Every structure is written in structure tokens, then in C-alpha cells.
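Only one structure is covered here, and it is reproduced in the block below.
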Amino acid sequence: MVGSVPVGAGAPVSVQSMTCTRTGDADATLAQVRALVGAGCELVRVSLPTAEEAPAFARIVREAPALPQGGAGGPAGAPVPIIADIHYDWRLALAAIEAGAAAIRINPGTMAEKHVREIVRAAAEARVPAGLSSDATEGSSDTAGSGGEAGAAEVPVAIRIGVNAGSLPKDLRDKAGREPAEALVEAALRWATQFDEWGFAAYKLSVKSSSVPATIAAYRLLAESTDAPLHVGVTEAGTLWGGTIKSAVGIGALLAEGIGDTIRVSLTGDPGEEIRVAWKILAALGLRRRGPDVISCPTCGRTEVDIVALAEEVERRLGSDPELAARQITVAVMGCRVNGPEEARHADYGIAAGAGEGWLFDHGERVEALPEGQLVDALLALVRGSAA
Ligand code: SF4
């Protein structure tokens with residue numbers, strides 16, 4: 001568990017992101033946390049760069065919004081777990097635990113071992129609300145942070161051991177040049193073994209890289225070597241366009257092999273986009289769904305309406321209407337009457353366009369033919385009507 005959210009041991013792959021506001025500005029950060037949760041984020045990481053920001057961090061934890069009903073497999077109404085992102089200064093990790101963080105992310109390779117020990121001791125002793133009923137914990141007793149406490153109302157603070165190439169132990173640095181994935185994994189496993197020896201089970205591991213092949217190789221190797229929950233992502237993936245592709249390939253390849261328990265898409269931009277991309281990756285693999293899935297054809301020489309504009313409008317309006325955005329439906333927007341009707345029939349709802357007009361489909365049944373300008377309104381009315 002990470003707070004109220006099960007991670008690992010067969011729990012649904014959870015979606016996380018990180019705020020990019022200044023943590024000391026609690027109002028702005030809370031607004032971003034709320035926006036992220038609204039977009040489907042289930043775990044939110046917040047950096048704690050200085051001790052001066054600890055009170056703001058504590059307020060962010062206290063006022064964190066609730067996850068929606070059924071979100072992340074956790075109980076309705078549980079606050080979204082806040083994960084503290086800590087670099088270098090072990091005392092900030094203690095401050096984050098003191099402030100009520102559900103988990104902390106550290107790179108233990110950047111700290112003295114005795115200080116990592118202090119963090120682990122504090123995390124083991126602290127308790128954060130899991131808000132669980134015995135039903136909600138069913139099947140999740142080995143998940144990260146559970147410490148074997150399924151059914152408990154509180155769990156220890158979880159720790160992510162986040163290893164990266166820049167902070168490997170001296171004896172692995174040469175190896176990193178020859179075998180980067182092996183070196184990263186060995187560093188992560190050394191810390192995992194150390195945490196085990198300290199009797200702390202509530203950890204998960206990450207071995208991210210900005211290289212997609214290196215990320216895939218490292219996580220494959222790691223998954224062969226441990227049963228610990230894995231946080232998967234391609235780090236510093238880039239801007240919305242390029243980063244989405246790198247993340248979809250890297251994270252998607254691993255998830256398709258059953259590797260990964262929680263994912264973070266890392267994009268330079270609005271973190272809300274990270275959440276939308278993450279859900280698209282999960283939906284594309286058939287692992288989880290959130291909201292409508294719009295299928296649209298690539299268009300070709302047969303297209304006689306502006307199918308690009310139609311598809312974009314359908315996707316935008318479905319996504320911006322809170323009621324429709326929550327529906328698990330498939331909507332097809334197809335450009336012609338050659339292949340369109342067949343695809344539209346297989347979706348829950350569909351449009352198969354013709355010359356300046358199109359047919360509406362409702363669960364495989366042709367409903368009516370309408371002029372191009374009326375198609376989207378009629379489609380949305382159809383979707384809305386069926387929800388009543
Ligand atoms: Fe072309 Fe029709 Fe296929 Fe769209 S559905 S790509 S318009 S053949």
C-alpha cells in the first residue's frame with residue numbers, strides 16, 4: 001500500500017504524477033493536486049526541497065483531495081496519497097514523514113548509509129491512514145507499504161528506492177559504462193537487500209533512464225530478480241509529443257510483459273497531460289480504462305467530410321463534460337460508408353460519414369442520417385440519453 005492505494009501483488013497498475021508548482025506555495029500546489037486527481041491521478045508526488053517548505057508540505061498532505069469512488073482500487077473518500085520527493089538531505093525525508101507523507105522517494109545512493117537507516121527506521125515507525133476496510137484490502141496483503149497489515153486502518157510510510165545512473169556506488173561505475181542496465185539493477189537490488197535486512201518490506205523500486213532501450217532492459221532484469229513492486233517510467237522523456245511516444249513505447253513494452261505496478265509518464269509540460277497519457281497507455285493495453293475511447297479513421301481519398309475536425313470535436317466534448325468523461329464507452333468516428341459502418345457498428349456509439357452527412361450508430365444499430373453540422377450534437381445527445 002501507498003497510503004490508501006494498493007501497489008503491487010496484482011493490484012491494478014496505478015497512475016501517478018508530480019506537481020510542478022513551488023511546494024512552499026501550498027495554495028497553488030493544492031490546486032494542482034486537485035486538478036491531477038480530477039484527471040485520474042492516484043498518487044501525487046510533491047518535492048520537498050527545503051525544510052522551510054515542510055509546513056506547506058504538511059498542509060498539502062492534510063488538505064489533499066479525496067480519490068473518486070472506486071479510484072485506484074482504494075476506498076471511496078480516501079485522500080490521495082502524497083509522496084515526498086527527497087534529494088540528498090536525509091533530514092528532509094524525516095521532515096516529510098513527520099508531515100504525514102504516505103511515501104517518500106529517495107535515491108539512497110546519494111546519502112550515507114547510516115542516514116538511509118534513519119529514514120527507514122522513521123518510515124517503519126510512522127503510520128499513515130489507509131482508510132481500508134477488510135473488503136478493500138482483499139488480495140493486496142503483499143503490496144508495497146502493507147508490511148503485511150491488510151485490513152489495518154493504518155500502514156507504514158512506503159519508500160521508493162529510486163536508483164539512477166548518476167549516483168551509482170564507485171564499484172559499479174565501470175560496469176555502468178559496459179552494462180548500464182546491469183549496474184542500475186545491481187545498485188537497486190543491493191539497497192533492496194539492505195532494506196530486507198533492516199526488516200522493512202514497504203518499498204518499491206525504480207531504475208529509470210531517459211533511454212527507452214536502457215529502461216526496458218533494466219526493468220526486465222529487475223523483474224527477473226525481485227518480487228518487489230516496481231515504479232516504471234522513462235525519465236526526462238521530453239515534451240508532450242516526443243515524451244508521449246517515448247513513454248508509450250517504454251512503459252507500454254514493459255506493461256505488456258506484465259512488468260510494472262505503478263507508472264509515471266514524465267513530460268515537460270502540464271502534469272495533467274502526464275495523467276491523460278498514462279491512462280491512454282493503460283487503456284491501449286486493455287489493462288485499465290478511464291473515460292471514453294474515441295476510435296477514428298486516418299481518412300483517405302474517400303472522405304467527404306472534415307473527419308479530423310469531427311473526431312477532435314467528439315474527443316474534446318466527451319472529455320470536457322464531467323458526466324460523459326466518466327463513461328467507459330467506445331465511440332467511433334469514421335470517414336466513409338465503405339468501411340465506416342462496420343467499425344461504427346462495433347463501437348458503443350458511432351458516426352459513419354458520407355457526402356456532407358453521416359449516419360449515427362447506437363450499439364450497432366443505425367439510428368438516423370444527419371447533415372455533417374448536426375452530427376456531433378446528435379451523437380452527444382445519444383450518449384447522454386443512454387445514460388439516463
Ligand atoms: Fe478511408 Fe473510409 Fe477507411 Fe476512413 S473509414 S480511412 S474514409 S476507407
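Computed values, structure above
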{"quantity": "Unique match (being open to solvent by 50 Å² or more (accessible area, probe 1.4 Å) and either over 30 Å from V338 (Cα atoms) or not in a strand (DSSP E or B) (or both)) among I251, I245", "calculated": "I245"}
{"quantity": "Verdict on L282 being more than 16 Å from the ligand (Cβ to nearest atom) and buried (at least 18 other Cβ atoms within 10 Å of the Cβ)", "calculated": "yes"}
{"quantity": "Complete set of residues in the range 35-67 that are under 14 Å from the mean Cα position of the chain (by Cα), more than 16 Å from V128 (Cβ to Cβ) and open to solvent by less than 30 Å² (accessible area, probe 1.4 Å)", "calculated": "L36, V37, A39, G40, C41"}
{"quantity": "Residue list for the range 289-305, filter: surrounded by 17 or more Cβ atoms within 10 Å (Cβ to Cβ) and either within 17 Å of the chain's Cα centre (by Cα) or outside any loop (DSSP other than H, G, I, E, B) (or both)", "calculated": "R290, G291, D293, V294, S296"}
{"quantity": "Residue count, the range 37-59 (criterion: assigned to a strand (DSSP E or B) and not charged (D, E, K, R))", "calculated": "4"}
{"quantity": "Some residue of the range 256-268 being in a loop (DSSP other than H, G, I, E, B) and within 13 Å of the ligand (Cβ to nearest atom)", "calculated": "no"}
{"quantity": "Qualifying residues in the range 347-384 (those that are crowded, with 20+ Cβ neighbours inside 10 Å and touching a residue at least 60 places away in the same chain (Cβ under 8 Å)) - the one farthest from the ligand (Cβ to nearest atom)", "calculated": "V383"}
{"quantity": "Residues of the range 285-309 satisfying the condition of being without any contact (Cβ under 8 Å) to a residue 40 or more places away in the chain, under 22 Å from G40 (Cβ atoms) and within 16 Å of the ligand (Cβ to nearest atom)", "calculated": "V294, S296"}
{"quantity": "Scope the range 312-346; condition within 14 Å of G358 (Cβ to Cβ) and away from the ligand (no atom under 16 Å from the Cβ); matching residues", "calculated": "E313"}
{"quantity": "Where S17 falls short, out of the listed (1) touching a Pro at 6+ places or on another chain (Cβ under 7 Å); (2) under 21 Å from E98 (Cβ atoms)", "calculated": "(2)"}
{"quantity": "W241 free of Cβ contacts under 8 Å to residues at least 24 places away in the same chain and of a type in the set (F, W, Y)", "calculated": "yes"}
{"quantity": "Boolean, T21 is among the β-branched types (V, I, T), open to solvent by 10 Å² or more (accessible area, probe 1.4 Å) and closer than 24 Å to T262 by Cα", "calculated": "yes"}
{"quantity": "Those residues of the range 94-109 which are at pLDDT 95 or above and part of a helix (DSSP H, G or I), in sequence order", "calculated": "L94, A95, A96, I97, E98"}
{"quantity": "Residue count for the range 164-186, restricted to those that are in a helix (DSSP H, G or I) and surrounded by 14 or more Cβ atoms within 10 Å (Cβ to Cβ)", "calculated": "12"}
{"quantity": "Qualifying residue in the range 214-227 (condition: open to solvent by less than 10 Å² (accessible area, probe 1.4 Å), under 29 Å from Q32 (Cβ atoms), in contact (Cβ under 8 Å) with a residue 24 or more places away in the chain and aliphatic (A, V, I, L, M))", "calculated": "no"}
{"quantity": "Selection from the range 110-163 of residues that are part of a loop (DSSP other than H, G, I, E, B), open to solvent by 50 Å² or more (accessible area, probe 1.4 Å) and at pLDDT 50 or above", "calculated": "R127, A153"}
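The values are calculated or read from the model by the stated rules, or taken from the named source; none is laboratory data. Not measured: the values here are computed from a predicted model. All Cβ positions, even for glycine, are placed from backbone atoms using ideal geometry, and neighbour counts span all protein chains on display. For accessibility, only protein heavy atoms count, side chains too; no ligands or nucleic acids. Shrake-Rupley method; radii C 1.70, N 1.55, O 1.52, S 1.80 Å.
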